[in-house]
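A.B. asks: Sharing a structure here in C-alpha cells format.
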Amino acid sequence: MKEIQLSNPHKIHKWHQKAQGIVEYALILAFIVGIGAAIFAKGGLAEAVSDAYFQISKTIAYALDNTTAGHQRFAQNQLEQGLKNAITSGKVVLGNNAWVEIDLQSELNSDIHANADGGRDGYVTVYGKDYTKFTGLWDATGLDPSRIALDDADKGSWAGVRIARVGDSNQYTVYYFNGTASKVQDETKGYYTDTNYMQQHFGSGQTPTTWNP
C-alpha cells in the first residue's frame with residue numbers, strides 16, 4: 001500500500017503567511033477605497049478619513065461582540081470620547097459636582113431632529129455660555145447623532161453616558177446607562193437627575209470609571 005505523504009509544515013507556514021498578507025492588503029485597500037468614496041461624496045479629506053476610521057472601528061467592535069449589548073457599548077464609547085474631548089478642550093465646563101449626559105434613543109427628538117437626548121445637573125457651560133438646552137452639546141462633542149445612532153437591532157431602546165465632576169477637583173466619574181424604552185425621559189421619569197438611582201436601575205452592571213483629564 002502506498003504511503004501517504006504528510007504536507008510539508010514549512011509550506012503550510014508559508015501559505016498562512018501569504019493568507020495573512022492578503023487579508024492585510026485587503027483591509028488597507030478597503031480603507032483607501034472607503035476614503036476615496038467618502039471624498040467623492042463629501043469633498044473633504046478630514047471628514048472622509050473620520051468616516052472611514054469610524055466604520056472600520058464599528059466593524060471590528062461588532063465582530064468582537066455582535067449583540068445588542070455590544071452594539072450599545074460601542075455607541076457609548078463614541079459618546080464617552082466625544083464628551084471627554086469637549087471637556088478637555090474647554091468647550092464644555094462642569095462646575096463643582098456638576099454632571100452632563102448625552103444619550104442615543106429610538107424616538108426622534110424634535111428639538112435637534114435626531115434620535116438623541118441629554119441633560120445636565122449643576123453649573124454647566126457650553127462654549128462659555130450657560131447650558132440651557134441640549135441642542136448645543138452635540139456640536140461641542142464633535143459627534144454626529146445620525147452617524148452613531150443605535151442600529152435597527154437596538155431600536156426600542158436607549159443608551160447614554162454621564163460624566164460627573166468630583167467636587168472641585170480635576171477628577172471625573174463616568175457612568176454608562178441604557179434602558180428599554182424608545183425615549184429616555186419616558187423610562188427615567190422623574191429620576192433622571194438622581195445619579196445613584198440611574199446607576200442602580202439603568203447601569204446594567206457596568207461599573208462607573210474614574211477619569212483624570
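A.B. asks: Name, by its number, the condition in (1) touching a Pro at 6+ places or on another chain (Cβ under 9 Å); (2) surrounded by 14 or more Cβ atoms within 10 Å (Cβ to Cβ) that does not hold for ALA149.
C.D. replies: So ALA149 meets the others, but not (1).
A.B. asks: Without any contact (Cβ under 8 Å) to a residue 12 or more places away in the chain and either assigned to a strand (DSSP E or B) or touching a His at 6+ places or on another chain (Cβ under 6 Å) (or both) - does that describe any residue in the range 136-153?
C.D. replies: Checked against the condition, which is being without any contact (Cβ under 8 Å) to a residue 12 or more places away in the chain and either assigned to a strand (DSSP E or B) or touching a His at 6+ places or on another chain (Cβ under 6 Å) (or both), the range 136-153 yields no hits at all.
A.B. asks: If you scan the range 155-199, which residues turn out to be over 18 Å from GLN72 (Cβ atoms) and without any contact (Cβ under 8 Å) to a residue 60 or more places away in the chain?
C.D. replies: Within the range 155-199, SER169, ASN170, GLN171, THR173, LYS189, GLY190, TYR191, ASP194, ASN196, TYR197 meet the criteria.
A.B. asks: Is it the case that ARG120 is surrounded by 15 or more Cβ atoms within 10 Å (Cβ to Cβ) and among the basic types (Lys, Arg)?
C.D. replies: yes
A.B. asks: Could you please give the count of residues in the range 75-120 that are of a type in the set (A, V, I, L, M) and under 13 Å from the mean Cα position of the chain (by Cα)?
C.D. replies: 6
A.B. asks: Out of all the residues in the range 182-198, which are more than 22 Å from ALA86 (Cβ to Cβ) and either under 19 Å from the mean Cα position of the chain (by Cα) or in a strand (DSSP E or B) (or both)?
C.D. replies: SER182, LYS183
No lab work stands behind these numbers, since they all come straight from the coordinates. This structure is a prediction, so every number in the text was calculated from the model and none was measured. Here the Cβ is made from the backbone with ideal geometry for all residues, glycine too, and neighbour counts use every protein chain on show.
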